[in-house]
Structure formats: C-alpha cells, structure tokens
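Rule-based calculations on the coordinates, nothing more; no lab input. As the structure is a prediction and not an experimental result, all values here were calculated from the model. Every residue, glycine among them, receives a Cβ derived from its backbone with ideal geometry; neighbour counts consider all protein chains shown.
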Amino acid sequence: MTTKIVIGLDGTETGEHAIAFAKDLAGRIGTCELLVVYVIEWSPFTFQTPEENALRHKRREEEIELATNRIVTPAVEALTADGYTVQGIVRHGDVAETLNAITVENGGSQIIVGRASADGFKKRLFGSSTQNLVMHADVPVTVVN
Amino acid sequence: MTMLKHLWLAVIAAVIAAPAMAQDAPGLDDKINQAFADFTGPFVSFIFAPFPGTSFPWIVGWLVVAATVFTLYFAFVQLRFFGHAISLVKGDYSDPNDAGEVSHFQALATALSGTVGLGNIAGVAVAVGIGGPGATFWMIVAGLLGMASKFTECTLGVKYRNEYEDGTVSGGPMYYMSKGFDELGLPGGKILAVLFSIFCILGALGGGNMFQANQAHQQIAGITGDYPGWITGVVFAIIVFLVIVGGLKSIARVTEKVVPFMGILYVAAALVIIIMNADQIGWAFGQIFAGAFTGLGVAGGMVGALIQGFRRAAFSNEAGVGSAAIAHSAVRTKEPITEGFVSLLEPFIDTVVICTMTALVIIITQQLIVDPETGNYMLNEAGNAIATVDGNSGVSLTSAAFGSAFSWFPYVLAIAVVLFAFSTMISWSYYGLKAWTYLFGEGHAKELVFKVIFCIFVVIGAAANLGPVIDFSDAAIFAMAVVNVFALYFLMKVVREELASYASRLKTGEIRKFEH
C-alpha cells in the first residue's frame, strides 16, 4: 500500500524546509505519494458588507488562482521533476482543521509542516495554526524548523 | 489619495466653520424641514390612507394579510424549519469544498446589520409610546408571521439573481419580478420591477438614510448640547462618501465588526435589567396582553396598539419589503431555498427577540405614566401619545429606560445608535444602488450619481424634524412592500415547488450533513 504524506505550505521559507524533509522521508519509505496543500485562512463566521458578499465568489476564485500559481504548482512541478508522485490541493478554511480534514479524506498517514512564522498578540491568544494542528490532528505531525 | 486628502480637508473646514455658519443661517434646518414635508406630503398621505370609514391604514392590512397568507400557504414553514435554519447557519450542511464562498451565517449577519438598528431602539419606543404595551404583542405577532414573508422573498432572490461573467452577483425583487414572471409566462414583470426599483431608491434615501441620520444627530446632540442638524449631516455624509465612493473599506469593516458586538451588548444589558426586575416580568407581560386587546386607555385603543405594533415591526424587520432579498442573493448555494430558511431567522432575532427586549425594558422601568385611579395609561398634553417620565419619546425614551438602571448606558446607547445608523446606511446604499443600476445600467459614472444623491440626503435627513422624516421613511419602505408582496403572490408557487422538492430530499437523506 502506498504511503501518503501531506505537506502543509504557508508560502514562507519554512515550507521549503517541510518539502525537503518530506522528500527525505519519502526516499526512506519507498513507495510514497506526496500531497502538497495550501490552506487559505478563512472563516464562515466573519462579518462582511453587502458589497463584499457580492464580490466574494470573484475574490475566492482569485485567491485560489493566486495560491495555486504562486505556491502549490511550483512545488508540485519541482517534486514531479524529482520523480515523486505529487498532488496539489488549495482550499479555504481554518488552517489546522482543514489540513487535518484533507489528510483524513485522502488517507494521509502523516502531516509535515514548517514551524509557524506568525507571532504577536493573536498567537498568544489563540495559539498558532501549527500548535492547533499538533494538538488536534488525527495523524502524527512533524514540525520542521 | 489626492481626492481623499481634499475630502478630509473639507471635513475639517466644515467642522471649524460650522458654528459661525449656524449663526448666519439660523433657519436653515426649518427651511429644509418645511420644503421636505411639503414635497413628500401627498405620497405619505396615500400610503397611510385608512380603509374608508376606519382609522386602519390599508398598508398595514396589506402586510398582515400577506404574512398570514404565506404562513398558511407554506404550512407554518417558520415553525417546521426553524431548527433546520439554525443547522444551516451553523454550517452543518455546508460542503467543505465550497469553503471561501459567502456562508449562510455571513449572509444572515449582513442582512441583519441592515435591519437591526434604530427600528429596534427608536421604533419600538415610538410603538410603545403611542400604542402602549399592547403594541408589543402585535409586534411579536407581526414578527412571527413576517418570517414566512422573508422566507418567500429570499428564496426567490437567490433563485432568480443575475450572475455575471466576472463572478459578481446582483439579485433582489427586481430580478425575480422580471425573470420569474417571464418564466411563468405572466405579463407585467418588468413594470413591477421598475416600480419596485423606484420605491427601493426612495426607501434607501428615506428609512435607510434620512431616518438614520436624523436619529444619529438627535443622539449626538443629546450628549453635546443642541446644535444644527445639518452639521452632523455634513460630517456623516462625508464619512459615507468616503466609504461608498472613496472605497475606504476600513471604516466599513470596522463598523461591520463593532456593530454585532454592540447588538450583543444591547441585548445583554436588556436581559440584566429584566432579570434585576424579575418580579415584574409577569406584570409586564400582563400589561402587554391586556393592552393588546383593550388598549389600556391609549389613543386609538386596541386598534391603535395593533397599528403601531405592526407598523413598527414591519419597519424594523422589513419582512415583505424586499430589501433582504437583495442582501441574501450573494450566497452561492446549490439550493436557493436554504437561503430562505436562513432568512426566516431574521424577523425572529430582530423583532421577536430584540424588539421585545426593548419594549420590556421600557415597560418594566415604568417610563410610561399610569393613572393611579383608573390603572390606565395617561395621555400627554397633545393627546396623541402616552405621557412619559420627562416627556421622552423615540430613542430618548429607550435611553431613559436603560439609563434608569445603568446611569452610563445612555452613552453606550448613543455610540450604538450612531454605529447602527452608519451600518444601516452602508447596507441601504447598496440596496439603493442595486435598484439604481437595474434602472439605469451598471457603470462607474451612473453609480457615482446615485452615491452623491445618497450623501446629499444624509444632510437633509439630519436637518429635518423627526415627524416628516419618519413618515416619509415609513411610506417609502411600505411602498416597496406594496409592489413586492403583489409579485410574491404570483411567484409563491415556485417557492412551494422548491420547498416540496427540498423537504423530500431532506427526508430521504439525499441532502445530508457534512462532517466538519
């Protein structure tokens, strides 16, 4: 059975470290499939103006296109060129919850993410997405420095 | 940026020059008020004309009958699908693959921020002040029945909206009137749509703008001391202009985030006052029920209470008016009817919960003066409303009621009123704009014309007296309801088909909850 490893990217340099670690791990495991995921932070429980609502679908398409072109596709192409079997996914939602949900949906055996780059008040209050993921994920999580 | 800079300089200049100009033109407010009252008089008289031989305005009957018809036609949909509506708002039925689109919660919150506001604070005080506690009973009845009207119009709003190639959407009664009537082979859809759009523009300028500016000015003047209304109007107009024309989204975003918390704070304060006076809750409800059927001595008796209750409920929750259909049509759901279910929560939250809270606080804190001999309410000197402590009415009555329990609350309420007024203006500027673009087409220059007119009316609203403003605001919003409800009677069978199909698929499990 093929092992599926999920790599969570956040558009920063730490994502590169996560990819490098995943490649190393995949090489050791052998038959392995990689899933490159980028989650666009979004909550269905925010407040918006009517105009923002009317433009929302358009914005969503733009956000997905941007994340796909700038982050996911380059990573997928680079990994494919290196001979790995790779799939890319972009989705909106809470980063930790969505990353875990995608892993469970696709039968992933573990998640690899870069160390959180966010800091400040929000992190102190709610914890970073990485912390939330480590606390609540259904599969083992590796956080790469 | 240059434009914004000039605007800020204009604001500062207006504020500095205002006191001097006020002395030069002492009668400006009066002149605006008189001209406005003369101009709008015939329209207002027509909308509020009573049934021949009675004092019952035909428009109130029109709305009550409509809400009752929709309630019966959809077999009490507001009760049967209440729990399902809450599940939808919670996101239980939302496909994770659609994440990032406007959620049911967001559509509900946006529509609520357009309706929850002065109607709940000032409107209820007007209803209870004129119609007595009994008006509360009729307001609740109107809220419960109105849920079915809202369900009908919002389902149609989503079903017949326009989706453009660039991914944006436009929806609302004008679209379901023209497209829905065409689909059913009925004539006159476009005429109705044009009529509705005209009234929607007037409603946006009236209830969605002038009434808000007027009450915001009263609140600010109550704290700072009296000064000419047009000054508040100019400052407000410039801020609104910056948001809707200048694209200063940050102001709108902050307002949209602060307003819900203000709403929660308002309800929490009301709850605390009610709990603090728990021993009087029974008495207060006794007054509400007794007043609903006897009037307890108010002007117009039971009918007076009923008219006030229904009138202010309709103004507050806008059920049947068609405005919410514009707000809700932004949701990209596969099932238009789900947006109808969600929207039926609006009159419940707005009227049955929040309006009732306001009324209970006014009654419990005994702001309305009772004649100790008869037990009936005493009328004021003019004989057209109940005498109140310190002669308060409108927002000041609500403010006094809350202030009697918490001395600091009037300040919070003043901020809340100004923010509510502002957020309602932003919502209605969008509703009005959608009607405007339906009539004149989309395009930057055309949209700018409407936005400038909208800002001018902010100044007129702040300067005019409450009487003519509230009459025109009500009349314009009810005029929307006349056309909208007429169209809903023809289109309600479309909603019934959607409802039957959805209900059966829900029963068989074809429509199911997603695991999140």
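Quick rundown of the values:
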quantity: Translational diffusion coefficient (Stokes-Einstein; Kirkwood radius from C-alpha pairs) of the protein assembly as shown at 20 °C, 1.002 mPa s, in µm²/s; calculated: 80
quantity: Helix-derived mean residue ellipticity, 222 nm - over the protein assembly as shown, DSSP H n ≥ 4, -39500 (n - 2.57), to 500; calculated: -21000 deg cm²/dmol
quantity: Amide H within-cut-off set for A:K4, under 5 Å, with H built and near neighbours excluded; calculated: A:E33, A:S109
quantity: Percentage relative contact order, chain A, counting C-alpha pairs under 8 Å, at least six apart; calculated: 34
quantity: Descending semi-axes in whole angstrom, ellipsoid equivalent of chain B, from the Cα gyration tensor; calculated: 34, 30, 22
quantity: Restricting the stretch B:454-516 to GluC sites (Glu not before Pro) in coil, as DSSP defines it, with at most 10 other Cβ within 10 Å; calculated: B:E510, B:E515
quantity: Across B:K90/B:K150; B:K179/B:K334; B:K150/B:K249; A:K4/B:K90; A:K58/B:K493; B:K150/B:K493, pairs whose alpha-carbon gap is larger than 22 Å; calculated: B:K150/B:K249; A:K4/B:K90; A:K58/B:K493
quantity: Rounded to 5, percent antiparallel among DSSP beta bridges of the protein assembly as shown; calculated: 20
quantity: Compactness of the stretch B:162-272 - radius of gyration and Dmax, Cα, Å; calculated: 19.6, 59
quantity: Calculated P(r) of chain A - Cα pairs past 22 Å, %; calculated: 39
quantity: Residue exposure sequence - A:H17, A:H57 - by fewest surrounding Cβ within 10 Å; calculated: A:H17, A:H57
quantity: 5 angstrom amide H check on B:I511, placed H, neighbours 5+ away; calculated: B:L506
quantity: Extension gain (nm, one decimal) between B:V412 and B:F514, 0.36 nm per residue minus Cα-Cα; calculated: 32.6 nm
quantity: Likely footprinting exposure, B:R312, B:R161, B:R80, fewest C-beta neighbours within 10 Å first; calculated: B:R80, B:R161, B:R312
quantity: Kirkwood hydrodynamic radius over Cα pairs of the stretch B:27-99, then Stokes diffusion coefficient at 25 °C and 0.890 mPa s, in µm²/s; calculated: 144
quantity: Kyte-Doolittle at least 1.0, axis length at least 15 Å by Cα - qualifying DSSP helices, chain B; calculated: B:2-24, B:58-73, B:189-205, B:229-244, B:249-276, B:281-294, B:409-440, B:444-463
quantity: Restricting the stretch B:392-443 to chymotrypsin sites (Phe, Trp or Tyr not before Pro) in coil, as DSSP defines it, with at most 12 other Cβ within 10 Å; calculated: B:W408
quantity: Fewest-first sequence of B:M139, B:M492, B:M302 by Cβ atoms within 10 Å of each Cβ; calculated: B:M302, B:M492, B:M139
quantity: Contact order normalised by residue count of the stretch B:285-444, Cα under 8 Å, 6+ apart, percent; calculated: 19
quantity: Loop GluC sites (Glu not before Pro), the stretch B:267-375, which have at most 11 other Cβ atoms in a 10 Å radius of their Cβ (DSSP); calculated: B:E373
quantity: 5 Å-binned pair-distance histogram of the stretch B:80-187 (Cα, whole percent); calculated: 2, 9, 12, 18, 17, 15, 12, 8, 4, 2, 0
quantity: Chain B, relative contact order in percent, only Cα pairs under 8 angstrom and at least six apart counted; calculated: 33
quantity: Computed magnitude of the charge dipole of the stretch B:42-172 (debye, nearest 20; Cβ of K, R +1, Cβ of D, E -1); calculated: 600
quantity: The stretch B:234-348 shape via C-alpha gyration tensor axes, a/c threshold 1.5; calculated: prolate
quantity: Long-range tail of P(r) for the stretch B:337-476 (Cα pairs > 22 Å, %); calculated: 59
